[in-house]
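First the structure, which I've put down as structure tokens, then a few questions once you've had a look.
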Amino acid sequence: MVVTFGEALVDMIEMPDGRFAAALGGAVCNFAIAAARQGLDVTYLNPLSRDSFGQRFAGLLEHERVHLPGAVRSASPTSLAIVTLDAGGSPSYVFHRERVADRDITPAQARAALPSGMRLFHTGGLALVPDDIDATLEIIQAAAATGALVSVDANLRPLVCADLPGYAAGVRRALAHAHLIKVSEEDLHHLGYDGVAPLAAARTLLDTVDATLVALTLGAQGAVLLSRRVCVTLAAPAGIDVIDTVGCGDTFLAGLVASLAVGGNLSVAALADANAAVLGRALRHAVAAASLNAMRVGCQPPDAADVALYLQSGAVAQPSA
């Protein structure tokens, strides 16, 4: 079982006529849905609100067969991000994260809700902001104590926190407890690796933590998996019709985890022993999943059959080691 801990957040996106359209999302919630569509048994640990958005989240997660361990809903509202576009189409964000439903859980409650048989515990995103990092670390440590593989997606959102150095320091603390780390080139910049090539920065990061595997996403340049034994790289497929990149990182990581699970490599020991063939296969699956998501509006992760057909088409090259 995969257990996720983090935000379920609604993006309120300004439309050209000035009205706002609501899109259900949040990095950890996106990952939970993407992983479930890949055939994994997934639990979303955080509370959902009693408000209308909370009801929509509950319906969506239940439709995707994501388990919700608590029947009691939070009286707090759903998290919001107000997204506005400037004249050039560049977005800006204002987050509403005070006293919200997905934060309405104590470490003790989260520890008590951890299900038996957990193979992977995943967190990241807004669960790593300064006000929440200590609680999240307590839950990470409880999950790791059960023998679960711990996955952390740095996914820094600088606009959510005025204290970026403090935020980055907290993210580093979380990464120090992870077995599987996902970072983007932008994350590495925010973590302080300015002026360093992304792969070199990822190698340095791996040298400073006890993690087994670092997944580095590079947007249109593809992605890299880096372990202490192996480095595999893969360019993004050529000629794909990118509509937007919302949720691509979350879908990439879900595809990676799904491939590792199918191959029996979703454990600390197996991941440490994974060779270039295992990691190459997982990277190719992850890139295929993210590419399919990029060709859809919003975060619409593919299911396992979609990914299999896309890989069979030959659109995704073989990774290089």
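The values are calculated or read from the model by the stated rules, or taken from the named source; none is laboratory data. This is a predicted model, so every value here is computed, not measured. Cβ coordinates were reconstructed from backbone atoms using ideal geometry, including for glycine residues, and neighbour counts include every protein chain displayed. With ligands, DNA and RNA removed, areas are computed over all heavy atoms of the protein, side chains included. Shrake-Rupley method; radii C 1.70, N 1.55, O 1.52, S 1.80 Å.
Please state which of the following conditions Thr245 fails to meet, knowing it meets all the rest: (1) within 24 Å of Ile33 (Cβ to Cβ); (2) surrounded by fewer than 21 Cβ atoms within 10 Å (Cβ to Cβ); (3) over 15 Å from the mean Cα position of the chain (by Cα).
Every listed condition holds for Thr245 apart from (3).
For residues in segment 299-319 being touching a Leu at 6+ places or on another chain (Cβ under 7 Å) and open to solvent by 40 Å² or more (accessible area, probe 1.4 Å), which is farthest from Ile13 (Cα to Cα)?
Ala317
Please state which of the following conditions Ala169 fails to meet, knowing it meets all the rest: (1) out of contact with any Asp or Glu (no Cβ under 8 Å at 6 or more places or on another chain); (2) assigned to a helix (DSSP H, G or I); (3) open to solvent by 10 Å² or more (accessible area, probe 1.4 Å); (4) closer than 24 Å to Val2 by Cα.
The number of the failed condition is (4).
Let me ask something else about it. Looking at (1) at pLDDT 95 or above; (2) under 22 Å from Leu180 (Cβ atoms), which is the one condition that is false for Thr245?
(1) is the only condition that Thr245 fails.
Just checking: which of the strands (runs of 3 or more DSSP E) contained wholly in segment 52-153 hold 1 or more residues that are hydroxyl-bearing (Ser, Thr, Tyr), open to solvent by less than 50 Å² (accessible area, probe 1.4 Å) and under 30 Å from Gly264 (Cβ atoms)? It would help to see each step written out before you state the result.
Details: elements: 79-85, 91-96, 120-124, 149-153.
Hits in segment 52-153: 120-124, 149-153.
While we're looking at this one, here's another question. Identify all residues within segment 173-214 that are touching a Leu at 6+ places or on another chain (Cβ under 7 Å), closer than 18 Å to Leu159 by Cα and surrounded by fewer than 23 Cβ atoms within 10 Å (Cβ to Cβ); write none if there are none.
Glu185, His190
Listed here are the residues, each with its yes/no results for (1) among the hydroxyl-bearing types (Ser, Thr, Tyr); (2) touching a Leu at 6+ places or on another chain (Cβ under 8 Å); (3) under 23 Å from Val2 (Cα atoms).
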{"position": "Val232", "(1), (2), (3)": "no, yes, no"}
{"position": "Ile240", "(1), (2), (3)": "no, no, no"}
{"position": "Asp244", "(1), (2), (3)": "no, no, no"}
{"position": "Gly255", "(1), (2), (3)": "no, no, yes"}
{"position": "Gly264", "(1), (2), (3)": "no, no, yes"}
{"position": "Ala272", "(1), (2), (3)": "no, no, yes"}
{"position": "Ala282", "(1), (2), (3)": "no, yes, yes"}
{"position": "Asn293", "(1), (2), (3)": "no, no, yes"}
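Got a number for residues in segment 258-285 being of a type in the set (Val, Ile, Thr) and open to solvent by 50 Å² or more (accessible area, probe 1.4 Å)?
Taking segment 258-285 and keeping what is of a type in the set (Val, Ile, Thr), we get 262, 268, 278.
From the residues that got through so far, the ones that are open to solvent by 50 Å² or more (accessible area, probe 1.4 Å) too are 262, 268.
Number of matching residues: 2.
For segment 127-136, what are the residues that are within 16 Å of Leu156 (Cα to Cα) and either in contact with a Lys or Arg (Cβ under 7 Å, 6 or more places away or on another chain) or charged (D, E, K, R) (or both)? Give the steps one after another, and end with the answer.
Narrowing segment 127-136 to residues within 16 Å of Leu156 (Cα to Cα): 127-133, 136.
Once the filter is applied, which keeps residues that are within 16 Å of Leu156 (Cα to Cα) and either in contact with a Lys or Arg (Cβ under 7 Å, 6 or more places away or on another chain) or charged (D, E, K, R) (or both), segment 127-136 yields Asp131, Asp132, Ile133.
Condition first: over 21 Å from Gln109 (Cα atoms) and touching a helix residue (DSSP H, G or I) at 6+ places or on another chain (Cβ under 8 Å). Now tell me which residues in segment 21-35 satisfy that. Show your work before the answer.
To start, the set of residues in segment 21-35 that are over 21 Å from Gln109 (Cα atoms) comprises 21-27, 30-31, 33-35.
Listed by number, the residues that qualify are Ala22, Leu24, Gly26, Ala27, Asn30, Phe31, Ile33, Ala34, Ala35.
Separate question: Determine whether Val232 is touching a residue at least 24 places away in the same chain (Cβ under 8 Å), closer than 22 Å to Asp132 by Cβ and open to solvent by less than 10 Å² (accessible area, probe 1.4 Å). Even if it seems obvious, please write down each step before you answer.
Numbers: touching a residue at least 24 places away in the same chain (Cβ under 8 Å): yes; closer than 22 Å to Asp132 by Cβ: no; open to solvent by less than 10 Å² (accessible area, probe 1.4 Å): yes.
Here the answer is no, as Val232 does not meet what is asked.
Tally up the residues in segment 1-22 that are surrounded by fewer than 17 Cβ atoms within 10 Å (Cβ to Cβ) and either among the small types (Gly, Ala, Ser) or closer than 24 Å to Asn265 by Cα (or both), please.
4
Give the residues of segment 1-21 that are among the aliphatic types (A, V, I, L, M) and touching a Phe, Trp or Tyr at 6+ places or on another chain (Cβ under 7 Å), sorted by residue number.
First, pick out the residues of segment 1-21 that are among the aliphatic types (A, V, I, L, M): 1-3, 8-10, 12-13, 15, 21.
Hits for segment 1-21 are Val3, Ala8, Val10, Met12, Ile13.
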